[in-house]
Amino acid sequence: MLDLDQRDVKYLPGVGPARAALLKGELQISTLQDLLYFFPYKYIDRSRIFQIREVDGTMPYIQLKGKILSFEQIGEGRRQRLVAHFSDGTGVADLVWFSGIKYTLDRYCPGVEYVVFGKPTIFGGRVNVAHPEIDVEANINLAEMGMQPYYNTTERMKKAGLNSAAIRKLVNNLMALIVEPLPETLPDWMRDKEHLMGLTDALKVVHNPRTPLELRLAQLRLKFEELFYVQLNLARYASDRQRRFKGYVFARVGEKFNAFYNTKLPFSLTGAQKRVIREIRTDMGSGRQMNRLLQGDVGSGKTMVALMTMLIAIDNGYQACIMAPTEILSEQHYSNIGRFIDGLGLKVELLTGSIKGKRREAILKGLKDGSVNILVSTHAVLEDPVEFNRLGFVVIDEQHRFGVAQRARLWTKSNMPPHVLVMTATPIPRTLAMTLYGDLDVSVIDELPPGRKPIHTEHFYDGNHTAVYAFLDRELKSGRQAYIVYPLIEESEKIDLKNLEEGYLTVCERFVGYKVSKVHGRMKPAEKDAEMQRFKNNETQIMVATTVIEVGVDVPNASVMLIENANRFGLSQLHQLRGRVGRGADQSYCMLITPYQLSEDTRKRIEIMTATCDGFEIAEADLKLRGPGDLEGTQQSGMAFDLKIANLARDGALIEHVREIAKKIVADDPELSRPENVLMGRMLRRLKKSQFDWSSIS
Ligand code: ADP
Ligand code: MG
């Protein structure tokens, strides 16, 4: 049998040592198997011929059939170009070359019937095709050209002649070696049930499709397989963990919860908050250890959910702990929670790095003897020799600031692992969450408390500062506060960014009579917190800052978020920043300032920001614009994102489908030991060895 993953690509006809080195260095292709799974990134239908008169400048490519009428050389020296006037009887197109002029003149002549392929532009009212591909019409069979595959290559490869067409030839050489079907990677019963193409056929078609329909079926089969094994692995991991780790059973909803609900709750819960509390309660009562991700946009009221579910833990005789990434955030939680549950007879303590000496000792003692019910802390609690009496529930706020390793340490604080609720305001699109955190359950608060007005968001250019500042003036005069955010704190080499220091001076000069705070990443945490506190107390009215203010600090009186050089920020960052305002009932504003010259992508980002305040919509758009590799959370998940054919942004429905199948298989046969499932177990072991270590997530 042909052992593709053991055979060096070097020995494939047409490769040899030099090309093998390039393939390996540039594309990580070292075996025949790697080459076989190096899929085209696009296909072009070469069976269609366009008429010159129907061509417009928006078409991605065209194919024309006709004759060259005459050549014309225009310009001198380096600006010289060659134009061939080309006609198909419906019009004339200009084929243009800026280099290789002599070669072109030698090679093509007027009067011969050619097929010309390339990208059209309209120039001076005329169809232009620069550096077209040209074939003699008699030499090619259009019907057979069908869907032409195109492969990604790099500049270095192209210089060495290893372009897309060359890769196509290599893949054809490889296909010629595959005379017998390759071993199937999905069980027969699944292929039958899901109507999936066989592996060997799918691989052949994907590199050489004849029709768009055939191509789609082949792609579906390969995507299915890729996504299915990812989900199967996650399902196996989750089921293993559930069997290994029992969870505390919180069966009661008791006194404290009810007392709070009936006498303390200052507003009615939103439908989404109620639903999520129910989901968490069911989970914590099931006997399994809960690992749940709670997603909710900024201001959606996650803290209340955390508090009420902590009360359930307390009602069942356990302690609860909530952790935030910064001291100021944990102080904020501490004071909010303290206020909410005042009079319920519960003991809440705050433990941060700056609480020392006797005070600290008293808190540590209270945790150990169980008299402290709720601990609010920073992640410093993980580093410390903090001991709990009966820690049953841990809430981690603003999840993306916590690493996997830190979360794992929690478990050492308790005999049995406590239930864990991870909260994040960085919405992760569903499909990504299912792949990234496939073993976490996900709850979503998709509703804001009533009465919130969407933040009015507008885009301004650098030249509009006068108007922007005039607006700021009005808000300040009416007693509100404002944030002004800059991307960097110092001018970096060549990039012309507004400097925070410079901005600070400008703002101080422009807004005489108001106090201005300044916060940036190089300040000590204590200094930063003190400055934030001043702003929170309205001792300063304007906060000039870098992105350090991104995470959860609540200043309801702030009504304006002005972002300088907004083009330098990613979508999710812009959304997080904007979430700092609009936390009261009054109208708030977000002003995005950019230079006049913007790239296509930036323009899209700004458009999305001005069009919607919905964090999930923004996250989906972000996923589509940037791809999953760049999204916050994916880098630190410790997982190589190496999907070869499926696409997290586009294949959402398929991901959900295969996830259901995988879950069902694992529920029925956790060890994958039944005859109909052994193939899948073998595949998983093979994939694990070669690709990923998913077990590090959670
Ligand atoms: P986030 O999800 O960003 O952490 P918070 O928990 O800080 O949001 O809540 C934002 C604000 O909304 C807080 O002042 C909170 O008290 C308030 N809030 C939460 N839930 C409700 C509700 N159901 N109705 C009205 N206000 C609410
Ligand atoms: Mg919060």
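Before moving on, here are some points about what is shown:
- For Asp5, the requirement of being within 35 Å of the chain's Cα centre (by Cα) and in contact (Cβ under 8 Å) with a residue 12 or more places away in the chain is met.
- Residues of segment 147-186 that turn out to be more than 30 Å from the chain's Cα centre (by Cα), farther than 18 Å from Phe39 by Cα and outside any helix (DSSP H, G or I), as a count: 7
- Of all residues in segment 548-566 being assigned to a helix (DSSP H, G or I) and either within 13 Å of ligand 1 (Cβ to nearest atom) or open to solvent by less than 30 Å² (accessible area, probe 1.4 Å) (or both), the one that is modelled with the highest pLDDT: Ala566
- Checking Val305, Val276 one by one, the residue that is touching a Ser or Thr at 6+ places or on another chain (Cβ under 6 Å) and closer than 15 Å to Ser443 by Cα is Val276 and no other.
- Condition met for Asp240 (farther than 20 Å from Pro450 by Cβ, charged (D, E, K, R) and surrounded by 18 or more Cβ atoms within 10 Å (Cβ to Cβ)): no
- The C-beta contact set for segment 417-433 (first residue farther than 24 Å from Cys613 by Cβ, second residue open to solvent by less than 10 Å² (accessible area, probe 1.4 Å) and within 16 Å of ligand 1 (Cβ to nearest atom), distance under 6 angstrom, 6+ apart or interchain) comprises Leu421/Leu294; Leu421/Val395.
- Strands (runs of 3 or more DSSP E) fully within segment 9-103 counting 3 or more residues that are open to solvent by 60 Å² or more (accessible area, probe 1.4 Å): 62-74
- Unique residue being out of contact with any strand residue (DSSP E or B) (no Cβ under 6 Å at 6 or more places or on another chain), open to solvent by 10 Å² or more (accessible area, probe 1.4 Å) and at pLDDT 90 or above when the list is Lys193, Lys246: Lys193
- Residue check for Val276: within 12 Å of ligand 2 (Cβ to nearest atom) and open to solvent by less than 30 Å² (accessible area, probe 1.4 Å): no
- Meets criteria (more than 12 Å from ligand 2 (Cβ to nearest atom) and over 27 Å from Pro525 (Cβ atoms)) for Gly285: yes
- Residues that are of a type in the set (Val, Ile, Thr) and farther than 18 Å from Arg168 by Cα, drawn from segment 18-69: Ile49, Ile52, Val55, Thr58, Ile62, Ile68
- Filter result for His131 (out of contact with any Gly (no Cβ under 8 Å at 6 or more places or on another chain) and farther than 30 Å from Tyr37 by Cα): no
- Residues satisfying the stated conditions in segment 198-220, i.e. of a type in the set (Asp, Glu) and surrounded by 17 or more Cβ atoms within 10 Å (Cβ to Cβ): Glu214
- Test set (1) in a helix (DSSP H, G or I); (2) among the hydroxyl-bearing types (Ser, Thr, Tyr); (3) under 30 Å from Ile312 (Cα atoms) - Thr200 fails condition number: (3)
- Per-region count, segment 295-349, residues within 12 Å of ligand 2 (Cβ to nearest atom) and assigned to a loop (DSSP other than H, G, I, E, B): 7
- Gln533 being under 19 Å from Gly615 (Cα atoms) and in contact (Cβ under 8 Å) with a residue 60 or more places away in the chain: no
- Residue pairs meeting the criteria (Cβ under 6 Å; at least 6 apart or on separate chains; first more than 19 Å from Asn464 (Cα to Cα), in segment 578-601; second in a loop (DSSP other than H, G, I, E, B) and among the charged types (D, E, K, R)): Arg583/Asp554; Gln587/Lys453
- Residue within segment 266-273 that is open to solvent by 30 Å² or more (accessible area, probe 1.4 Å), without any contact (Cβ under 8 Å) to a residue 12 or more places away in the chain and more than 15 Å from ligand 1 (Cβ to nearest atom) present: no
A quick yes/no check of all residues on (1) open to solvent by 50 Å² or more (accessible area, probe 1.4 Å); (2) within 15 Å of ligand 1 (Cβ to nearest atom); (3) not in a helix (DSSP H, G or I):
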site: Ala526; (1), (2), (3): yes, no, no
site: Gln573; (1), (2), (3): yes, no, no
site: Asp586; (1), (2), (3): yes, yes, yes
site: Cys590; (1), (2), (3): no, no, yes
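- Any chance Ser286 is open to solvent by 30 Å² or more (accessible area, probe 1.4 Å), more than 10 Å from ligand 1 (Cβ to nearest atom) and either β-branched (Val, Ile, Thr) or assigned to a loop (DSSP other than H, G, I, E, B) (or both): yes
- Among the criteria (1) open to solvent by less than 10 Å² (accessible area, probe 1.4 Å); (2) closer than 20 Å to Phe257 by Cβ; (3) more than 13 Å from ligand 1 (Cβ to nearest atom), the one Met323 does not fulfil is (2).
- Qualifying residue in segment 362-370 (condition: farther than 16 Å from Glu387 by Cβ, open to solvent by 20 Å² or more (accessible area, probe 1.4 Å) and away from ligand 2 (no atom under 16 Å from the Cβ)): no
- Among (1) under 19 Å from Phe393 (Cα atoms); (2) more than 29 Å from the chain's Cα centre (by Cα); (3) within 16 Å of ligand 1 (Cβ to nearest atom), the one test that Asp342 misses: (1)
The values are calculated or read from the model by the stated rules, or taken from the named source; none is laboratory data. Everything numeric in this text was worked out from a predicted model, so none of it was measured. Note that each Cβ is placed from the backbone with ideal geometry, even for glycine, and that neighbours are counted across all protein chains shown. Accessible surface is based on the protein model in full, side chains and every heavy atom, while ligands, DNA and RNA are left aside. Shrake-Rupley method; radii C 1.70, N 1.55, O 1.52, S 1.80 Å.
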